[in-house]
1. Please specify each residue of the range 123-141 satisfying the condition of being open to solvent by less than 40 Å² (accessible area, probe 1.4 Å), of a type outside the set (Ser, Thr, Tyr) and within 23 Å of Tyr4 (Cβ to Cβ).
2. Going through Lys187, Lys171 one at a time, which residue ends up being closer than 25 Å to His70 by Cα and of a type in the set (Lys, Arg)?
3. Is it the case, given these coordinates, that Arg117 is free of Cβ contacts under 8 Å to residues at least 12 places away in the same chain, open to solvent by 20 Å² or more (accessible area, probe 1.4 Å) and more than 30 Å from Val37 (Cβ to Cβ)?
4. From the residues in the range 82-139 that are hydrophobic (A, V, I, L, M, F, W, C), in a loop (DSSP other than H, G, I, E, B) and at pLDDT below 90, which one is farthest from Asp212 (Cα to Cα)?
5. If you check every pair at least six apart or on different chains, which have Cβ atoms under 8 Å apart with a residue in the range 56-84 that is touching a residue at least 24 places away in the same chain (Cβ under 8 Å) first and a residue that is of a type in the set (Val, Ile, Thr) and open to solvent by 20 Å² or more (accessible area, probe 1.4 Å) second?
6. Test Tyr104 against the stated conditions and say whether it is surrounded by 13 or more Cβ atoms within 10 Å (Cβ to Cβ), closer than 19 Å to Ser84 by Cα, without any contact (Cβ under 8 Å) to a residue 24 or more places away in the chain and not β-branched (Val, Ile, Thr).
7. Evaluate the range 91-114: report whether one residue or more is over 30 Å from Asp38 (Cβ atoms) and polar (S, T, N, Q).
8. Output the qualifying pairs, or none if there are none: Cβ atoms under 6 angstrom, residues six or more apart or on different chains, first residue in the range 149-163 and among the polar types (S, T, N, Q), second residue assigned to a helix (DSSP H, G or I) and open to solvent by 10 Å² or more (accessible area, probe 1.4 Å).
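The values are calculated or read from the model by the stated rules, or taken from the named source; none is laboratory data. All values reported here derive from a predicted model rather than from experimental measurement. When we count neighbours, we look across all protein chains shown, and the Cβ atoms used for this are built from the backbone with ideal geometry, even at glycine. Ligands, DNA and RNA are stripped out before the accessible areas are found, and what is left, the full protein with its side chains, is counted by its heavy atoms. Shrake-Rupley method; radii C 1.70, N 1.55, O 1.52, S 1.80 Å.
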Amino acid sequence: MLSYEDVAELLTLQAKAYGLLMWLSQASVDDPEMLSVDAAARLARPGTAATWIAEHRSELPADLATLDPHGPFANLLSSFFSTSFRVEHLEFNNRLVSARIVLYASPGPADRTGIVRTQALAVKHLAASQRLPTTEGQARDLIRVRRDLRDAVLLWTYVWELDRRARNKGKGPVVHQIWRSIPWERKRALTAEQVWSARQQLLDAARERVEDGP
């Protein structure tokens, strides 16, 4: 299970991966080939994303150029294209004239079932890590009954899924739906301390449930 240091590292890597995404978005305004069809396809896959970063290291901002492009960083960067972003291309006379990164939301209503199940799994695994036996159903009931835990559940689930994304095991668009559900004042300056506090709230609630019995 995640340690405090793991959480801090994940948030740092996520911020840097997002920073690279935004840099690419801006750089492609002047040079659409930076996000050509081929480049976009490579960036959307962890293995080829790492290679692309290594090949373009000299063009990247200094704070990003020194990062190890392999493993978690490349996984997080590529995961943006399966959760919330895509590249739009515009060609004229068989020449790429525009390439831009746009926010992409899945059509239709939010997948509430997927969100609730993801939250329940995050809480279940957290409780189990502290030897507080909890089934997925019990975690789901806890989330439903304890409305005061809503923000804590969202924060912990987001970071739990962030870890899965860093290991190339993300769940796709449901992660973006969870992110959008977190209050703006929280997510605009998300810290490891906030996440760790949310973790403790959830563990306290799980411990109370176990002590109270079925």
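1. Val123, Leu126, Ala127, Leu132, Ala139 - these are the residues of the range 123-141 that are open to solvent by less than 40 Å² (accessible area, probe 1.4 Å), of a type outside the set (Ser, Thr, Tyr) and within 23 Å of Tyr4 (Cβ to Cβ).
2. Exactly one of Lys187, Lys171 is closer than 25 Å to His70 by Cα and of a type in the set (Lys, Arg), namely Lys171.
3. Here the answer is no, as Arg117 does not meet what is asked.
4. Ala105
5. Sorted first by the residue in the range 56-84, then by its partner, the pairs are Phe81/Val87.
6. Yes; evaluated as a whole, the condition is true for this residue.
7. As a first pass, look at the range 91-114 and keep what is over 30 Å from Asp38 (Cβ atoms): 108-114.
Those still in the list that are polar (S, T, N, Q) too: 113.
Checking the range 91-114: at least one residue is over 30 Å from Asp38 (Cβ atoms) and polar (S, T, N, Q).
8. Listed pairs, sorted by first residue: Thr157/Gln119.
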